[in-house]
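Engineer: This structure is in structure tokens; I'll ask about it shortly.
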Amino acid sequence: MTLKRFRVAASVLIIFNVIGTVVTWTEHLVKPGTSHAHAIFAGTEFTGPLLFIGLWIVFVLLTLAQGKPRIIGVALMAVFAAVFTSGEISELFKRNVGISTGKWHFVLGACVVGIPIALATLICGIGYLVTSRKGPRVERALEHNAQPG
């Protein structure tokens, strides 16, 4: 697994969460009476907390560095992707939080979209960590073989 694939998957997960938070605020896809500040610390019905999203951006930026910071960034982002996946799956088993049926179906659909994005991030992160432990030579060979031509 290449680092580039991991960065793409993690970036898509970040974008999904940012757009999801904005949609949640504008379309009122949260339990009635929930403040916007709730999204900062606890997330929305189908997105992570904004504080986590900020950390995710830092983790992806760490992957641009060499050595230990890169490994730390990938490892932490993979852990957060696993946590996000479990949160999305648990959301599928919740009852409607008090919003209209159409809005609730949208929330469930967004969870179904978020799960594979988070899983792709997790799998690419684990794949990169495994290949990076084998040494830089193996990683370079994998990246060379993945390039067309």
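Engineer: When you scan region 2-102 for helices (runs of 4 or more DSSP H) that lie fully inside it, which ones turn up with 2 or more residues that are touching an Asp or Glu at 6+ places or on another chain (Cβ under 6 Å)?
Structural biologist: Output list is empty.
Engineer: Can you confirm whether Ala118 is surrounded by fewer than 17 Cβ atoms within 10 Å (Cβ to Cβ), in contact with a Leu (Cβ under 7 Å, 6 or more places away or on another chain) and in contact (Cβ under 8 Å) with a residue 40 or more places away in the chain?
Structural biologist: no
Engineer: Determine if region 67-85 includes at least one residue that is farther than 21 Å from Ala10 by Cβ, surrounded by fewer than 18 Cβ atoms within 10 Å (Cβ to Cβ), at pLDDT 90 or above and basic (Lys, Arg). Walk me through how you get there before you give the answer.
Structural biologist: Initially, region 67-85 is screened for residues farther than 21 Å from Ala10 by Cβ, giving none.
Checked region 67-85: no residue is farther than 21 Å from Ala10 by Cβ, surrounded by fewer than 18 Cβ atoms within 10 Å (Cβ to Cβ), at pLDDT 90 or above and basic (Lys, Arg).
Engineer: Out of the residues in region 22-48 that are of a type in the set (Val, Ile, Thr) and touching a Phe, Trp or Tyr at 6+ places or on another chain (Cβ under 9 Å), state the one that is surrounded by the fewest Cβ atoms within 10 Å (Cβ to Cβ). Spell out how you get there, then give the answer.
Structural biologist: Keep residues of region 22-48 that are of a type in the set (Val, Ile, Thr), which gives 22-24, 26, 30, 34, 40, 44, 47.
Among the residues that remain, those that are also touching a Phe, Trp or Tyr at 6+ places or on another chain (Cβ under 9 Å) are: 23-24, 44, 47.
On the way: Val23: 16, Thr24: 23, Thr44: 25, Thr47: 26.
It comes out as Val23.
Engineer: Here is a list: Ser86, Ser100. Which entry is under 15 Å from Ala118 (Cβ atoms) and small (Gly, Ala, Ser)?
Structural biologist: Ser86
Engineer: Take region 42-56 and flag every residue that is among the β-branched types (Val, Ile, Thr) and in contact (Cβ under 8 Å) with a residue 40 or more places away in the chain.
Structural biologist: Thr47
Engineer: Please work out which residue is modelled with the highest pLDDT, limiting yourself to region 16-49 and to residues that are of a type in the set (A, V, I, L, M) and within 17 Å of Gly109 (Cβ to Cβ). Let's see the steps before the verdict.
Structural biologist: Here is the first cut: in region 16-49, the residues of a type in the set (A, V, I, L, M) are 18-19, 22-23, 29-30, 37, 39-40, 42.
If we keep only those that are within 17 Å of Gly109 (Cβ to Cβ) as well, we get 19, 22-23, 29-30.
On the way: Ile19: 95, Val22: 90, Val23: 92, Leu29: 86, Val30: 84.
Out of the qualifying residues, it is Ile19.
The values are calculated or read from the model by the stated rules, or taken from the named source; none is laboratory data. Since this is a predicted model, take the numbers as computed values, not measurements. Glycine gets a Cβ as well: all are built from the backbone with ideal geometry, and neighbour counts include every protein chain shown.
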